[in-house]
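The values are calculated or read from the model by the stated rules, or taken from the named source; none is laboratory data. Since we're looking at a predicted model, the values are computed, not measured. With ideal geometry, Cβ positions are generated from the backbone for all residues, glycine too; neighbour counts draw on all protein chains shown.
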Number of protein chains: 2
Amino acid sequence: MKAVVLLSGGLDSATTLAIALSRSFSVTALSVDYGQRHRVELECATKLTQSMGVKDHRVVTLDLRAIGNSALTASIDVPKNRTSDEMQTGIPVTYVPARNTILLGVALGLAESIGAFDIFFGANAADFTGYPDCRPAFFTAFEQLANLATKAGVEGKGRFQIHTPLITMTKPEIIREGVKRGVDYSLTLSCYDPDEQGRACGVCDACLLRRNGFATAGVPDPTTYRD
Amino acid sequence: MKAVVLLSGGLDSATTLAIALSRSFSVTALSVDYGQRHRVELECATKLTQSMGVKDHRVVTLDLRAIGNSALTASIDVPKNRTSDEMQTGIPVTYVPARNTILLGVALGLAESIGAFDIFFGANAADFTGYPDCRPAFFTAFEQLANLATKAGVEGKGRFQIHTPLITMTKPEIIREGVKRGVDYSLTLSCYDPDEQGRACGVCDACLLRRNGFATAGVPDPTTYRD
């Protein structure tokens, strides 16, 4: 059975890809170049597909800079060295307006185009404290939409499903899951603000969650931090 | 009050723009360059915003060719000279997988980014015989999603609304509505397969619906057809 896996090149999506493969799906990986600051992620995505034997990897270009207003796509500073409490409070400036709706929309188009009904997305518990479009209710609503929005859904050949296998996992649990499935985390990048060599800053929210995740999981962190 | 109007440069979206302006919205027009064959539409969109006094016009580039599988974006022939009965049957090859989900996703991102809650989209009755993502149920589902998917929706500062003012109109009714509101239809393009000078083929489904619409409305058709 075919599936589309959204693959940013980060730790979560790499683990999600490994899970989809372990469930015997024939996977098409989809990365979206949406003008993000951390574009070096896309190179990670390519290396991950090679390392995990995924032959079909599509990269869709979507220039979201025209809609602006996020620290990941506009010239707003990425917050650094926040405490765990600060991270739990409110919706961060790294939120990209309607990002996951757009990403899943593109994934849905690809799925329909290749005859897949299963879409994997690496959202998880650590995210949905902050991002509205990482919550289970959002994915349920998207699933309903998908089955109304498409020729394949309307013709009843199958039902689209959005799989979020990490949704209830903590970062250490995700890391342990990936290690079990042989994910090479040295190929992944989590940092919101890497340098040109792809070295992580070590102090943005994503780096702090990642560092803490490896430490708590008791797994050596293969990341090259510049700090 | 601010609104985002999806503006392809066709007859329907031009009329929708005129309706949004008549309701006193401060309009940001949004066109998406999704690698469509009929890219000359985008030039029409720009001329329309100029002619209707809309100062904020954003063009987002989204290369959907990587997901393929539609006559509008891939090398599948556009059907020509179909009868009205043939057009009513099934979902045409000009259907782009998940296109309206993606377009509305981008519009939602822009709306949130500029502080708008109102999105106008020119879907209409003539469309939803063929395209699943032009039906009222699809727009209702998208509205629900929008209010779950966004920071603005979750924080309850307003409720996103998808306005489809043409949804129950026939093509002649749309044309009469636009004429009443001063839309210059010579600036619009409906054809799925125009030549490089922007001249319409006259025989694809979109041209046939347009020609018949002007004839039935009793309005002179300003379109330059090459046939």
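Values for this structure:
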{"read-out": "Residue that is without any contact (Cβ under 8 Å) to a residue 40 or more places away in the chain and surrounded by 16 or more Cβ atoms within 10 Å (Cβ to Cβ), where the choices are A:A141, A:A206", "value": "A:A141"}
{"read-out": "B:D221 being acidic (D, E) and farther than 18 Å from B:V40 by Cα", "value": "yes"}
{"read-out": "Number of the exception - A:A3 against (1) in a loop (DSSP other than H, G, I, E, B); (2) farther than 13 Å from A:T188 by Cα; (3) touching a helix residue (DSSP H, G or I) at 6+ places or on another chain (Cβ under 6 Å)", "value": "(1)"}
{"read-out": "Enumeration of residues in region A:159-199 that are in a loop (DSSP other than H, G, I, E, B), modelled with pLDDT of 90 or more and small (G, A, S)", "value": "A:G182"}
{"read-out": "Matching residues, region B:160-182, being more than 14 Å from chain A (Cβ to nearest Cβ), more than 16 Å from the chain's Cα centre (by Cα) and under 16 Å from B:A3 (Cβ atoms)", "value": "B:Q161, B:R181"}
{"read-out": "Candidates B:D118, B:D193, filtered to the one that is within 30 Å of A:P132 (Cα to Cα), away from chain A (no Cβ under 14 Å) and crowded, with 20+ Cβ neighbours inside 10 Å", "value": "B:D118"}
{"read-out": "Residues satisfying the stated conditions in region B:44-72, i.e. at pLDDT below 90 and not hydrophobic (A, V, I, L, M, F, W, C)", "value": "B:T61, B:D63, B:R65, B:G68, B:N69, B:S70"}
{"read-out": "Qualifying residue in region B:191-204 (condition: within 16 Å of B:T16 (Cα to Cα) and of a type in the set (V, I, T))", "value": "no"}
{"read-out": "Selection count where residues are among the acidic types (D, E), away from chain B (no Cβ under 14 Å) and closer than 22 Å to A:C134 by Cβ, scope region A:6-62", "value": "2"}
{"read-out": "Unique match (being out of contact with any Phe, Trp or Tyr (no Cβ under 8 Å at 6 or more places or on another chain) and at pLDDT 90 or above) among A:S24, A:S84", "value": "A:S24"}
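The rows are residues; the columns are (1) out of contact with any strand residue (DSSP E or B) (no Cβ under 7 Å at 6 or more places or on another chain); (2) over 27 Å from B:A217 (Cα atoms); (3) at pLDDT 95 or above; (4) at the interface with chain A (Cβ under 10 Å from one of its Cβ atoms).
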{"residue": "B:E112", "(1), (2), (3), (4)": "yes, yes, no, yes"}
{"residue": "B:A123", "(1), (2), (3), (4)": "yes, no, no, no"}
{"residue": "B:F142", "(1), (2), (3), (4)": "no, yes, yes, yes"}
{"residue": "B:T150", "(1), (2), (3), (4)": "yes, yes, no, yes"}
